[in-house]
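Comments concern the structure below.
Only the coordinates and a few stated rules stand behind these numbers; no lab work does. Computed from a predicted model, the values in this text were never measured in an experiment. Cβ placement follows ideal geometry from the backbone for every residue including glycine, while neighbour counts extend to all protein chains displayed.
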Number of protein chains: 2
Amino acid sequence: MSCSLSNQEKILHLLKGLNNQISPKFERCTGISASRYELLHQLYETEEINQSNLQKAVNIDSGAITRHLKQLEANGMVTRRRNPTDNRVIFVRLTSEGRKRIVGYQKEKMSFVNQMLHDFNPEELESLLDMLKRMQNNISEY
Amino acid sequence: MSCSLSNQEKILHLLKGLNNQISPKFERCTGISASRYELLHQLYETEEINQSNLQKAVNIDSGAITRHLKQLEANGMVTRRRNPTDNRVIFVRLTSEGRKRIVGYQKEKMSFVNQMLHDFNPEELESLLDMLKRMQNNISEY
DNA sequence: CTATATTTGTTGATGGGTCAATCATTGTTT
DNA sequence: AAACAATGATTGACCCATCAACAAATATAG
């Protein structure tokens, strides 16, 4: 990119490019997409959860949540059942197969993220975390 | 996301979530997608350029470059012509209409990015830039 | 009790990226 | 000159997100 860009513009450009690199490399490294991984990870930590809360945790569209879960269900990684006391709600849980598979994904994911941040010290990690949160907060208000 | 995540994992989650927020909001704010904007901006700064160099500047797949340019061409924003001395190469330039429109996009884009980073001081901007570059470099080697 | 509002989840359409295969053209090697 | 390699661009397939519309169920207001 041209030198005529401000730092703010460069930051935007880098965020976009970084994400475009992360997506396919994460999937190649771990064998699963980032959103699928997050869904499974959330289910690993919570015995059972409804789709609405999963959606809030993973932070993507509810339509996308449904599609992911349907495919994970077809793959035998999760099960879904309707809440008998509120038929709007669908509960989701990991199958034992899913519980087994998440362990390998976690290792690969840690490997990937540690590589990405291998030369960051703890202060930098805290600082980066803070800045990312602030940016997210700043554009939430848009 | 659960408190059981390390800072590295939180950073990855935030990067992903941030980008998912930036994409639609950038487009809503400016009226054009981020990649289209970058393509047009690159053409604004260079009288004429081939697609291969555009692809390097904007950092997306050459197939995506072709698709974007074909639509921009259909919209009357750019023109494309084959290099008479090397028939593999296609040159692209902004039309006068495109040149006119980019100005408005630039203003809106600056508005968007200034909002996103409104509470960052110059040291933080430099620091963030440096960290994003290092992450990009770290995963390039993956 | 009825009407209205809200919530949860589903589906279709769309846009944007990657991956891979392909074609045409040019460059390099033998 | 011919064979092979590399380059630039195109296209198809696929994945993933958003947006919007919708249906069913529950909650709330009157």
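Checking the table B:LYS10/B:LYS56; A:LYS56/B:LYS16; A:LYS10/B:LYS16; A:LYS10/B:LYS56 against a 25 Å threshold on Cα-Cα, which pairs fail? Beyond 25 Å: B:LYS10/B:LYS56. Computed over segment A:1-68, the alpha-carbon pair-distance distribution with 10 angstrom bins reads 18, 34, 28, 16, 4, 0, each value a whole percent. Identify which of A:ILE102, A:ILE49, A:ILE60 has the largest mean-square fluctuation in a Gaussian network model of chain A, with springs joining Cα atoms closer than 10 Å. Result for chain A, Cα springs under 10 Å: A:ILE60 fluctuates most. Rg and Dmax over the alpha-carbon atoms of segment B:79-142 stand at 18.9, 51 Å.
For segment B:67-142 versus segment A:45-117, the inter-centroid distance based on Cα atoms is 35 Å. A cut-off of 5 Å between modelled amide H atoms, ignoring neighbours fewer than 5 places along the same chain, links A:VAL78 with A:GLU73, A:THR95. Inter-copy label distances at B:THR95, shortest first and taken from points set 7 Å along Cα to Cβ: 5.4 nm. Only Cα sites of chain B enter the Debye sum here, all with the same form factor; the resulting log10 I(q)/I(0) across q = 0.12, 0.14, 0.18, 0.20 1/Å is -0.63, -0.82, -1.17, -1.30, listed in q order.
Hull volume per residue, based on the alpha-carbon atoms of the protein assembly as shown and their convex hull, is 161 Å³.
Partner chain Cβ atoms within 10 Å, averaged over the residues of B:127-133 - can you pull that number for me? If you can, show how the numbers build up before the last one.
Numbers: counts 4, 11, 5, 1, 10, 9, 3.
The mean count of partner-chain Cβ atoms within 10 Å per residue comes to 6.
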